[in-house]
Amino acid sequence: MNISITIPCYNHERYVSGAIDSALNQTRPVDEIVIVNDGSTDGSAVIIERYAREHPALIRVVTQPNQGPAKTRSVAVESATGDYVVPLDADDYLHPEAVQTWLDYSLANPRFVVVYGSYYRVDADNAIFDEVLLHIRRDDPLEGNILATLVRQNAVTATALIRRQKILEVGGYYSEDTSHTGRGHEDYFMYLKLLLAGYEFGYVPRPLFYYRDTPNSVSKHSDAFYQNRLAVLKHIYKLDTDKMVEATDIVTWKRVAQIEDAFYTIRERDREIAELKRQVEDLRDAREQAEQFRLIRQSRAYRLLYGKLFPLIDRLRGR
């Protein structure tokens with residue numbers, strides 16, 4: 001089985017060497033690395049060409065005017081020759097055992113056309129600040145035909161082990177019929193098409209890739225992020241309305257069940273809060289009584305009564 005790692009790059013001179021190094025240092029050596037320079041205007045091209053000269057039998061470079069992420073990903077897959085591709089963004093990087101682990105799982109489960117997994121989130125300086133373990137954070141199915149899971153939220157990152165021919169079969173990451181794929185979510189678009197075609201995904205719970213999440217990441221621009229996602233879903237509905245309606249029904253009824261559970265949980269918590277409030281009131285009353293008693297004991301009348309009058313009465317009774 002031949003494996004290609006594809007790296008689309010646009011203005012990532014700071015990080016692209018890290019992505020390439022991680023591709024070169026896999027415990028299961030890959031068969032080729034295809035880097036598509038999408039019209040970078042910084043120093044990315046110089047770095048990429050240097051790696052290509054150092055590894056001429058392994059690295060191929062495609063240079064094009066800027067086309068955007070969707071077309072660039074598609075060009076990378078079309079230019080690759082492997083049975084499998086591992087798309088890797090130029091600002092991300094792989095764990096050394098990523099390819100070997102994903103490939104072993106794919107070969108053991110041949111029905112899966114995509115094998116993906118958990119991942120780390122890193123900042124601009126490669127410091128890990130989050131470990132995204134999908135099997136812990138989510139209660140949706142993560143294996144099989146997970147169309148309903150992805151309709152609810154995209155759980156699959158762009159970096160995964162994917163059968164190259166299947167990507168080509170569903171038309172890749174780009175479509176001339178919609179404008180959304182030039183603005184992000186192109187991987188989500190492609191995954192949904194694979195699921196509509198009936199293919200299944202496999203999940204590896206071990207984090208094996210490092211996703212760069214910085215203030216300038218696309219996902220940080222929330223308005224554009226959700227608008228693009230909505231545009232993808234609208235287009236996918238047109239491709240196969242029946243399957244998408246069925247998947248949406250699953251998501252809707254699951255959400256209804258979650259809302260009902262939340263309602264009963266809130267109602268039970270309201271009862272607990274009411275009981276705690278009652279206990280607090282009791283404690284407050286007891287505290288107020290104790291404070292009143294303390295003030296009485298400090299009063300002149302109390303000292304006169306208990307210090308002089310009661311002892312006098314006791315002496316008179318003793319006569």
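A short reminder: the numbers here are calculations on the coordinates, not readings from a lab. These numbers were taken from a predicted model, which means no experiment stands behind them. Backbone-built Cβ (ideal geometry, glycine too); neighbour counts: all protein chains shown.
Here are the numbers for the structure shown:
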{"item": "Loop trypsin sites (Lys or Arg not before Pro), region 69-178, which have at most 14 other Cβ atoms in a 10 Å radius of their Cβ (DSSP)", "result": "Arg111, Arg138"}
{"item": "Alpha-carbon gyration tensor eigenvalues x 5, square-rooted, for region 1-143, Å", "result": "25, 19, 15"}
{"item": "For region 15-58, the Rg and Dmax computed from alpha carbons only, in angstrom", "result": "10.7, 33"}
{"item": "Value in Å of the Kirkwood radius, where region 75-196 supplies the Cα pairs that are averaged", "result": "15.6 Å"}
{"item": "Of Lys71/Lys234; Lys71/Lys243; Lys166/Lys234; Lys193/Lys234; Lys166/Lys193, pairs whose Cα-Cα distance is over 18 Å", "result": "Lys71/Lys234; Lys71/Lys243; Lys166/Lys234"}
{"item": "5 angstrom amide H check on Asp130, placed H, neighbours 5+ away", "result": "Arg121"}
